[in-house]
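Asker: Here it is, the structure in full.
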């Protein structure tokens, strides 16, 4: 455990650095732009810093300025003001009164019906009712009412002067600075209200050059060298003298007032401090034109040489030796180097040695009377009176527990010290004189000898941090573990917050607490190794500052998050000395380091040390788009985003993913990502910027979009396609069914026709007549009878042979007819005159079998056949038509005609699609026309 | 008694209540450039000025060529050719209005603030310049001391001579105006 002592005593590095009270760095200007070209600096709602130079606008993404493309119509105009309203719209005012707005990353002229002012637009403001105001140099102020129209406030209606300098939102309206005083304007329901305040009404001067407004007060800066702070009822609360006359710009931030004069001189002033000039150029040759504060607590200053960024949170006073102990009084910081005591005067910013000693000073404490108590290594406890410069000494002889005093704490009447041999209490009387020195050891619960830290609360409660026993609390007669049971921690520093929660840090750097509810509070360690711990301080807001080698880390119980103030806060190579820290008025914290005194402005330290994420570009095929619905061929997307963290832009990393494409986060250093050839679907792009692998969930920004399916893959296309297919199938089947049915019908018909044919051919009359004929012939001529029988038999064979055949050649059908006619000739003799006249071509063509026979038979059936009225039958052809005709001698009573024979012929011809069968019955002739079928396809 | 009251009333009336212009043409203007290595001083008595109390406006003019009293002719040449470019920009003017109401000024000494455009080297800069006005019945004498930052008026100083010319030039003005 002597390890810590070794550090305390051993780290006495000697370095010399020049003192500086401002930390700043230079910002690279855009190409081709010089400081003298820059007309304005502006911080937008997202904390991005903008400049206007020549006819261009630029914003800084942390790594450099990015240009906004401006239209040509703007060329020649000089921007005089820039403003982002609450809705996010950027307004640009020009010297000549013209107004422009930013649109789609470009600039567009804004032309209200009322026209634009003819004079320079000085500044903008937005009141509580989201009404936009602007003030001008020559036309007073304008307000844009909710109906979109602009209304003018000018001298004619009591507005003090048309020449204005600034405008800020106040109460329900605005306050306008003019060269004749302050004007308060409201605009409600179309009604203007104007109130004024000038020198005769309490202001320090008529000429109000600039205004500042924050949560509590308004500050007016004048031509005369004064500032007025006013409350929101417009009463002047305070008047502050400024370094010179003719103010240009005023700002109050975290209790610091910044004042810029028209003379180009920038000053700052802490609440109780004096004005300190910011002189980036020691020769004083650089004039400062304007400044803006960003959202991270940096002041961006435009000088004639360029833009500088000031960090207000850190300053360092270099000393020749390591500063081993520190304490502060209202006017000075007291610190120890080796055995010497120094006083750093806050009003003159200079150090002075107050006492020279020989024993290394390890701890310092300022009591109620302003005496400085010094705890030394091997030299006991000393009390220095700054007024008399008398040093009193207390040691083991005076009753001190040990001569090595590591820590001092105290309340009004008691000083408690922690030593390498227990705890001592020094009681004081009303005048601050030492009454008694008492020591406490094992008998009083202090079972370990080394007491690294003593913390005394305002109510007199005493806590000690021990070497191995955790934190003990004085109970009136002895020290007891705060949790009731003993712990084994090596506690380096103990502190408590305003509520009474006790906080301590162990030698392992673990921050722990004991709450007023008597519960142990465990704090997760800082994600990265912060290096050796040197002490803690509790802050007014309840957060706890832990000083480490790697910087200062702040635990914010409210958010449950760590804020880290490291390299970029000036604290990269901090070598803090153990328990060498002091805090003043809840604002500045002083740390003794091996190179001097580092001080941090708590008010300036941002509570969150996390980048602000912004998606600032969504591109389709590398062109900006505002759509969220895309067609299937719109599939190449680029996202541009930025993590605004001016404090340390190079440390910014991004975590991003495209939900719908890949659900996993990827880390990237690039501020842009492209997704080519995205398939159709729903996507959400998410990105968040972080530092140290710490990505704040609440900063995740997203863009959702949809790529539609191609038309052929959309639901209605699919439905349509299915319907069409179903229709096709349906029709196909219907046609097929029809075909089958027709085929069936045809077959049926054919069967029926065959049956009919058979029936007709086997006409009993024919057979009967034939047999009669045969009988007669047998008697007359046997030979002929044999022939006849042969013919008859041939005829029936033909019928049987051809009834199943679809088509036969005409020649064959004629042969059947001839056989038939030969049979009938025998019967009718001369009463039958048959003539067959067909050429070869027709004979080669085709015909349904037995057609001709059927017709010939019909002729026999329907006509009187006698010698007087013979049957004249002719089968001839007319071109492509076979004509079967006969002389018509109608029978008085015919055989019963079914009409089927002719009908079946017609149907057959129709089926073969062979043309129309025509029947002609006129002028004593009956003719049937049969078209010739040429090819035997079917 | 009546006479006395009349006398009091007359004596409290502002002499500048009279309408018309107040003019002056023999004003003096002197400047000093106090740089580490060289002190440059020159002056002119050709300053002209006009005051219109009814409108609270003013105008002053000086021809830069009329400055005399340089340390050397070479210095004078540099002044006109390199810095002021007197051929190109022969005039320097300051015109505008007073913040305080001039017409209300009674006899005696008053501090005024003149707000207007200061044009030097062809570059206009809006300035508020403090001045003292000594008002008597017949004339007004205006005196003023102010600084002119060269950078504001785009008067560039070469790096070689910057130790010889101050960043800011100190100007002293005095002019008497009478009603015309």
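Asker: Just how many % of Cα pairs in the protein assembly as shown lie over 54 Å apart, if you round to the nearest whole percent?
Answerer: The calculated P(r) of the protein assembly as shown puts 51 percent of pairs beyond 54 Å.
Asker: Contact order normalised by length for the stretch A:54-147, with contacts defined as Cα pairs under 8 Å and 6 or more residues apart; what percent is it?
Answerer: 19
Asker: In what order do A:90, A:712 fall by count of nearby beta-carbon atoms within 10 Å, going from fewest to most?
Answerer: By the 10 Å Cβ count, ascending, the order reads A:712, A:90.
Asker: Here is a further query. Does anyone have the angle between helix A:782-802 and the longest principal axis of chain A? Alpha-carbon axes, 0 to 90°, nearest 10?
Answerer: 10
Asker: For the stretch A:513-534 and the stretch B:106-180, write down the distance between their C-alpha centroids in whole Å.
Answerer: For the stretch A:513-534 versus the stretch B:106-180, the Cα centre distance is 64 Å.
Asker: In addition: Please order A:932, A:494 by the number of other Cβ within 10 Å, starting at the fewest.
Answerer: The order, fewest Cβ neighbours first, is A:932, A:494.
Asker: Kindly put A:652, A:687 in sequence by how many other C-beta atoms sit within 10 Å of each C-beta, fewest to most.
Answerer: A:652, A:687
Asker: Take every DSSP beta bridge with both residues inside the stretch A:606-747 and express the antiparallel ones as a percent of the total, to the nearest 5.
Answerer: In the stretch A:606-747, approximately 95 percent of DSSP beta bridges are antiparallel ones.
Asker: Compute the relative contact order of the stretch A:808-938 as a whole-number percentage, counting only Cα pairs closer than 8 Å that sit 6 or more residues apart in sequence.
Answerer: 25
Asker: Can I ask one more? For chain A, give me the percentage of DSSP beta bridges that are antiparallel, rounded to the nearest 5 percent.
Answerer: Here the antiparallel bridges make up roughly 95 percent for chain A.
Asker: What is the helix-to-structure angle for B:2-12, meaning the angle in degrees between its Cα long axis and the longest Cα principal axis of chain B, kept from 0 to 90 and rounded to the nearest 10?
Answerer: 20
Asker: What's the center-to-center distance, using Cα atoms, between the stretch A:245-304 and the stretch A:637-676 in Å?
Answerer: A separation of 36 Å, based on Cα centres.
Asker: Rounded to the nearest Å, what's the spacing between the alpha carbon centres of the stretch A:174-193 and the stretch A:100-123? Just the number, please.
Answerer: The stretch A:174-193 and the stretch A:100-123 have Cα centres spaced 22 Å from each other.
Asker: Using the Cα gyration tensor of the stretch A:252-314, with a ≥ b ≥ c the square roots of its eigenvalues, what is the shape: rounded (a/c below 1.5), prolate (a/b larger than b/c) or oblate (neither)?
Answerer: oblate
Asker: Using only alpha carbon pairs under 8 Å that are at least six residues apart, calculate the relative contact order of chain A and give it in whole percent.
Answerer: Rounded, it is 6 percent for chain A.
Asker: What average count of beta carbons from other chains do you get within 10 Å of the Cβ of residues in B:148-157?
Answerer: Rounded to a whole number, the mean comes out at 2.
Asker: Ranking request for peptides A:872-881, A:841-850: highest mean number of other beta-carbon atoms within 10 Å first, then the rest in descending order.
Answerer: By packing density, highest mean first, the sequence is A:841-850, A:872-881.
Asker: Roughly how tilted is helix A:851-862, in degrees to the nearest 10 and between 0 and 90, from the longest Cα axis of chain A?
Answerer: Computed tilt is about 50 degrees.
Asker: Moving on to the next point. What does the helix-only formula give at 222 nm for the protein assembly as shown: each DSSP H stretch with n ≥ 4 adding -39500 (n - 2.57), the total divided by the residues, and the result rounded to the nearest 500 deg cm²/dmol?
Answerer: -4500 deg cm²/dmol
Any read-out appearing in this document is the output of simple, stated calculations on the displayed coordinates, not a laboratory observation. Since this is a predicted model, take the numbers as computed values, not measurements. Counting neighbours? That spans all protein chains shown, and the Cβs are built from the backbone with ideal geometry, glycine included.
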